[in-house]
Amino acid sequence: MGQFYERYTRPFLFQREPEHAHELAVNAMALLGRFRPLCRLLEAYSNRGLTGHPVECLGLKFPNRVGLAAGFDKNAKAWPAAAALGFGHVEIGTVTMLRQPGNPRPRVFRFPRQEAVINRMGFNNDGADSVATRLSHQDGPGHRRIPLGINLGKSKVASLDQAVSDYLGSFARLADLADYLVLNVSSPNTPDLRKLQDEDRLRALLGAVTAANNARREQPGKQRKPLLLKIAPDLTFSQIDRVLEVIEEFALDGVIATNTTLERPEPFGAVGQAGGLSGAPLRKRATEITNFIARATHGRLPIIAVGGIMDAAGAAEKLDAGATLIQLYTGLIYRGPFFPAELNWALADRH
């Protein structure tokens, strides 16, 4: 099926502007999600050969290790069909407190020879209220085929001094609807966002959100939700050490490594497009950071590894480096909708 996609479907999609092709894919997946019996059949096919033992992580059970990364389904429209394609979890967003259009188009650029993408989307999304309303009409926690994560970011109009209250607003609106939540402080496409990875600002943000999360235990019918941090691949190892200290201080449940990169390895030095680079060129760095975190935390901190997973070897590499789960998005663009199922079959012996 992967060969059919690469020979016929991908050329059709690649004739279209990248963001238009993305919208077609989201709409197709949303349509598939309406046909539940078909989704169940496809889900069984995509997970065939697995042992039936779920992966336990973050206090949740994942039917397999392959997840859909944030960025594909920003507004919670398509995720109900994710299990049918073989995904064992899905992360929607990034969602901001306020609705925002993102950066001007064009803002997504493909590089097929390098199997890469540069994007500067800018957290375009419907906003926390609209996403919460949509999720409230879908299957909720405890009734889903696979865990659903919600990735939270800072609204563009919120200053750094307003960032904590902005994240808290999104958290309050969406926590009840998530199986886990992610604080995204690492996208390169929102001005000053990555400054939230600085130790003092990160401590203030994590302190406030973890306090709100822990306070849920005192509220009838609510519980604390697993909380993760998504970091940039452009941090130095010494910077990652400081981030890990803050993560440990506030007892976060895990880390997502990594977001897109601002680095421009050859032949991208002369490209001249601003934004985050993803795909095959990110593979090595994302694996190095995954392994560094695993070693620094002695394997105690769950890691969801993202970046440059374009084949089964790339997926296995992340798991060997210390990841418990993996996520992909750019690989889906180049390998097609059955790529997660193919990874499941290749990784079956790891269950």
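Since every read-out is calculated from the coordinates, none of them should be taken as a lab result. Note that the coordinates shown come from a computational prediction; the quantities given were computed from them, not determined experimentally. Neighbour counts are summed over all protein chains in view; Cβ atoms, including those assigned to glycine, are modelled from backbone coordinates with ideal geometry.
Overview of values
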quantity: For residue 151, net neighbour charge (Lys/Arg +1, Asp/Glu -1) across residues whose Cβ lies under 11 Å away; calculated: 0
quantity: 5 angstrom amide H check on residue 100, placed H, neighbours 5+ away; calculated: 125, 127
quantity: At 1.567 mPa s and 4 °C, Stokes D of the chain from Kirkwood alpha-carbon radius, µm² per second; calculated: 64 µm²/s
quantity: Neighbour net charge for residue 121 - beta-carbon separation under 9 angstrom, K R +1, D E -1; calculated: +2
quantity: Net charge contributed by nearby residues that have their C-beta within less than 13 Å of residue 256 (K/R +1, D/E -1); calculated: 0
quantity: Calculated from backbone phi, Karplus (6.51, -1.76, 1.60) coupling profile of region 67-83 in Hz, x at Gly/Pro; calculated: x, 8, 6, 4, x, 7, 10, 6, 10, 6, 9, 10, 4, x, 9, 4, 5
quantity: Most to least packed among 216-222, 310-316 [average Cβ atoms within 10 Å]; calculated: 310-316, 216-222
quantity: Karplus-derived HN-Hα couplings along region 336-345 (A = 6.51, B = -1.76, C = 1.60, θ = phi - 60°), whole Hz, x at Gly and Pro; calculated: x, x, 9, 4, x, 5, 4, 5, 4, 5
quantity: Residue-span extension gain [residue 41 to residue 295] - 0.36 nm each, minus C-alpha spacing; calculated: 87.4 nm
quantity: Amide hydrogen neighbours beyond the local backbone of residue 231, cut-off 5 Å, H modeled; calculated: 256, 259
quantity: Expected 222 nm ellipticity per residue - DSSP helices of 4 or more, -39500 (n - 2.57), all of the chain, to 500; calculated: -10500 deg cm²/dmol
quantity: For a label point 7 Å along the Cα-to-beta-carbon line of residue 139, residues of region 22-46 with backbone N under 16 Å; calculated: 30-46
quantity: ³J(HN,Hα) computed for each position of region 167-182 - Karplus, 6.51 cos²θ - 1.76 cosθ + 1.60, integer Hz, glycine/proline x; calculated: 5, 4, x, 5, 4, 4, 6, 10, 4, 4, 9, 9, 7, 8, 10, 10
quantity: Mean-position separation - Cα centroids, region 213-229 and region 265-323, in angstrom; calculated: 30 Å
quantity: Amide H contacts under 5 Å for residue 158, placed H, 5+ residues apart; calculated: none
